[in-house]
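The values are calculated or read from the model by the stated rules, or taken from the named source; none is laboratory data. Since the structure is predicted, the reported quantities are computational estimates derived from the model, not experimental observations. Ideal geometry is used to build each Cβ from the backbone, glycine not excepted, and the neighbour counts take in all protein chains shown. Side chains are part of the model used for accessible areas, which takes the heavy atoms of the whole protein and leaves out ligands, DNA and RNA. Shrake-Rupley method; radii C 1.70, N 1.55, O 1.52, S 1.80 Å.
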Amino acid sequence: MLPSWLAGLAAAIAFLHVLQKLAFPYFWADFWYLLKVVRYGIRLKMYEQRRELFTVLDRFLSLAKKQPQKPFIIYEGDVHTYQDVDKRTNRVAHVFLNHSTLKRGDTVALLMSNEPDFVHVWFGLAKLGCVVAFLNSNIRSTSLLHCIRSCEPKAVVVGADLLGAVEEILPSLPEGITVWGMNDSVPQGVTSLKEKLSMASDKPVPRSHHVASSLKSPHLYIFTSGTTGLPKAAVISQLQALKGSAGLWAFGCTANDIIYITLPLYHSSGALLGIGGCVELGATCVLKKKFSASQFWNDCRKYNVTVFQYIGELCRYLCKQPKREGEKDHQVRLAVGNGVRSDVWREFLDRFGNIKMCELYGATEGNICFMNHTGKIGSIGRTNFFYKLLFTFDLIKYDFQKDEPIRNEQGWCIHVRKGEPGLLISRVNEKNPFFGYAGSKKHTEKKLLCDVFKKGDVYFNTGDLMVQDEENFLYFWDRIGDTFRWKGENVATTEVADVIGMLDFIQETNVYGVAVSDYEGKAGMASIILKQNKSLDLEKVYEQVVTFLPAYACPRFLRIQEKMETTGTFKLQKFQLVEEGFSPLKISDPLYFMDNLKKSYVPLTKELYNQIMLGEIKL
C-alpha cells in the first residue's frame, strides 16, 4: 500500500495534469515549439559572438565534407550527391572568376526552371560572394525587363529552355550586362556557360571570396509575386536565409527525410524553406521541374518521399484528381506550406491518409512568421505571451475606403478585439529587421508604418488581414488589396470565392471589386471557370450567393473565363481583371449581372451596361 503522502502527491499531479489539459490544452505543444525557436536563436547568437558567421552555404560545405556520397538532389531519376553538387558549384565559381569581371557584392540575375543547375549556379555564385536575383521563369517581355533593371545585375544566367525569353529583350538590356546561357549553341551577344563549365576546375574556391561580413548582408533578391502590379525585388539577407532554412527542422523533419519540392525555386518557399531546409537538415530532396497533379503520388511512391511542400492551391489540385485505388499507400508523413483552405485540408486528410499538415505564414520580405505546430485545421499558427516577447506584432483596425489604418483622436492605431479581422503589423527593430526592396526606396518606405502606438515606433505592414480567436489561434482573412468596401461593409474575397466554389459545376473562382460610376466603394465581381463538360446554372449561382452571403457581399457581376492567369505559386492574378472592370465593350468573355427581380444572373448586354452607368439601374 502507498504511503499517504505519496498517494496525495500522485493525486495532486493527476489533478494538475487534468487542470492543465482543460485550462491550457496547448501548453506543452507551445513549450516545445518555443524551446526550438529559442535554441535556434541562441545558436545564431553564439556564431555572431564568436565572429563565426555561419551561412547556409557554409552549412552545405560542411555537409559536402561530412557526407559526400549522400544524395542531395534527385532529379528525373538522376542522383546528385552532396559532393557532386559541391564540385559542380566549384566549376561555376571558377568560370566566373576566370572569364568575367564579377566581384564580391555584385548582383547576378538567374532565369532558370527547376533543375539541379539552378542550385549549382546559385551556390557557385554565392561562393564568390555574389548576390543572386531569382527571376520568375514565367515572366516575359516588359515584366522581365523591369525585373532585370530593378535589381541592377552585372550578369544574367539563363537556363537552356528560357534563352528565347531573353533573346527578345537583348537589345533593350542596360549596357554592361553580360548574358550567359546554359546551351551549347548561343546567339550573338550571349556566352555559353555550359561550354566553359566542361573545361573548368572543380577544385574548391578559397572561403575568403564568400565569407560573410555580417548576417545582415544581402544574399539573394527574390521577387514578390506581382499579384497587384509589377514584381518588387525583396532583399533576402544571410540572416533571413538561415531563418528560412530552419523551417523544416522546426516542424520535426530530420536528415532521414526525403523532401519533394515541386514549387518553383525562384520563390522563397522552394528556395529558402525547401533547398535551404534540406541543407539545414542534411537531407535529400526530390526536385520536380514543374508540379504535376497526375504524377504527384507516383513520384512520392517511387522515391519514398516522406515530406512535401505545398503552396496556394496545390492540395486542392490533388483533391480534384480522379480517385484511384491505394491513394493512402505512401510514406508521406508531413506536408509543409501555406494557403490551404479548411475544406480542402479536411478532404485531403480523409482521402490521402494521416499526413500532418504543417501550415505556416510568412511574407518573402517580412520580419514575422507563424507556424501551426498543433495541426489545428484552418489556422496559420498561434501566439501566446512568450511568442510576443520574441516577435512583437499586432492586429489593427483598417479603413478599406481610405486604404489606410484607422487612427484614434490622438493619432494612434487601434487594436482589434479577438474574433475581429485586423491588419497584421510587425515591429521593426534590431532583433527583427526589415531589409526592404532593391532599387527605389519608395517601395521600402511604403511597407512601413510609423508612429503606430507611440512616437518613433516603426512597424512592417504585411498587407494581410488576420483574425485571432479566443484560443489565440490565428487565421488568414484576406489581403487588404483583395478586400473591398461596398454598401458601407467590408467584403472578403476569399469568403465569397469559397461560397461560389461549393457549386458542383464551378472549377475556379476569382473574386474582386470593380469601380462603378457614382457609387462609393466597389461592387463585387466573380470571374469563374466551369468544370469540364458542365454547364453554367445562373439561377443556382444566384440562390447560392443570396443563401450563404450577406446582401452586400453578393457579386453584382459574373465573368466566365476559360483560363485564369496565376502566378508561379498558384496565386490568382486580379490586377488585370480589376482594370478591365465589367464593360462588355472591353471584354469578350460572357458577362452576367445580378437581377434580384428575376432571382438569377442575366446576360450583361451593352444596353444594360449603359443603364447601369447612367444610374437608371440601381445596384
Q) Of the chymotrypsin sites (Phe, Trp or Tyr not before Pro) in region 217-292, which ones lie in a loop per DSSP and count no more than 12 other C-beta atoms within 10 Å? A) none
**Q.** Per-selection Rg to Rh, the chain - Cα, Kirkwood hydrodynamic radius
**A.** 0.99
Q.
Less than 11 Å Cβ to Cβ from Val514, Lys/Arg counted +1 and Asp/Glu -1: what total charge do the surrounding residues give?
A. +2
Q. Could you give the distance between the Cα centres of region 315-344 and region 390-435, to the whole Å?
A. 35
Q.
Please list, ordered by chain and number, the residues whose modelled amide H lies under 5 Å from the amide H of Gln507; skip anything fewer than 5 residues away on the same chain.
A. Ile529, Leu530, Lys531
Q) In region 138-240, if every C-alpha pair distance is counted and binned at 10 Å from zero, what percent goes to each bin? A) 13, 34, 35, 17, 1
Q. Around Ile258, which amide H atoms from residues at least 5 apart in sequence, or from another chain, sit under 5 Å from its own amide H, with H modelled in the peptide plane?
A. Thr306, Val307
Q. Once you put a point 7 Å from the Cα of Leu597 and another 7 Å from the Cα of Gln331, both along the Cβ direction, what distance in nm separates them?
A. 6.7
Q.
Within the chain, which whole H helices from DSSP have a Cα span along their axis of at least 20 Å and a mean Kyte-Doolittle hydropathy of 1.6 or more, if any?
A. none
(Q) Please list Glu579, Glu152, Glu409, Glu195 from largest to smallest accessible area, probe radius 1.4 Å, with all protein chains kept in place. (A) Glu409, Glu152, Glu579, Glu195
Q. Once Rh for region 17-165 is found with the Kirkwood sum over Cα pairs, what is the Stokes-Einstein diffusion coefficient at 20 °C and 1.002 mPa s, in µm²/s?
A. 116
Q | Accessible surface, 1.4 Å probe, highest first, among residues Leu145, Leu125 | A | Leu145, Leu125
Q: Give the distance, in whole Å, between the Cα centre of region 256-298 and the Cα centre of region 45-95.
A: 16
Q) So what's Rg/Rh here for region 394-544, counting alpha carbon atoms and using the Kirkwood radius for Rh? A) 1.05
Q | Cross-link partners of Lys598 among lysines (Cα-Cα below 24 Å; sequence separation of 8 or more within a chain) | A | Lys487, Lys522, Lys534, Lys540, Lys606, Lys618
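Region 325-381: Rg/Rh from Cα coordinates, Kirkwood Rh?
Result: Rg/Rh = 1.03.
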Q: Pop out the carbon and sulfur fraction of the accessible area of region 414-476 as a percent, whole number, probe 1.4 Å.
A: 52
Q: Calculate, for region 365-479, the solvent-accessible area per residue in square angstrom, rolling a 1.4 angstrom probe over the heavy atoms of the protein chains.
A: 49
**Q.** Estimated vicinal HN-Hα couplings, Hz - region 176-189 in sequence order (Karplus 6.51, -1.76, 1.60; Gly, Pro = x)
**A.** x, 8, 9, 10, 10, x, 8, 10, 5, 10, 10, x, 4, x
Q. Given R₀ = 56 Å, FRET efficiency for His146-Lys45 by Cβ-Cβ distance, to 0.05?
A. 0.90
Q) Just from the alpha-carbon atoms, what are the Rg and Dmax of region 495-543 in angstroms? A) 12.5, 40
Q) From the residues His330, Ala246, Val132, which one has its Cα farthest along the dipole of the chain in the positive direction, the dipole being from +1 and -1 charges on Cβ of Lys/Arg and Asp/Glu about the Cα centre? A) Ala246
Q. Can you pull the three principal axis extents for the Cα set of region 55-282, in Å, largest first?
A. 48, 44, 38
Q: Measure of size requested: the Rg and Dmax of region 483-614, with Cα atoms as the atom set and Å as the unit; please supply both.
A: 13.8, 42
Q: Could you estimate the translational diffusion coefficient of region 405-476 from the Stokes-Einstein equation, with Rh from the Kirkwood formula over C-alpha pairs, at 25 °C and 0.890 mPa s, in whole µm²/s?
A: 181
Q: Go through region 494-540 and name the GluC sites (Glu not before Pro) that are in a DSSP coil and have 16 or fewer other Cβ atoms within 10 Å of their Cβ.
A: Glu520
Q.
Quick check: with the 1.4 Å probe, what order do Thr494, Thr262 take by accessible area, largest first?
A. Thr494, Thr262
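All other residues with a Cβ under 12 Å from the Cβ of Tyr82 taken together, and with Lys, Arg as +1 and Asp, Glu as -1, what is their net charge?
+4
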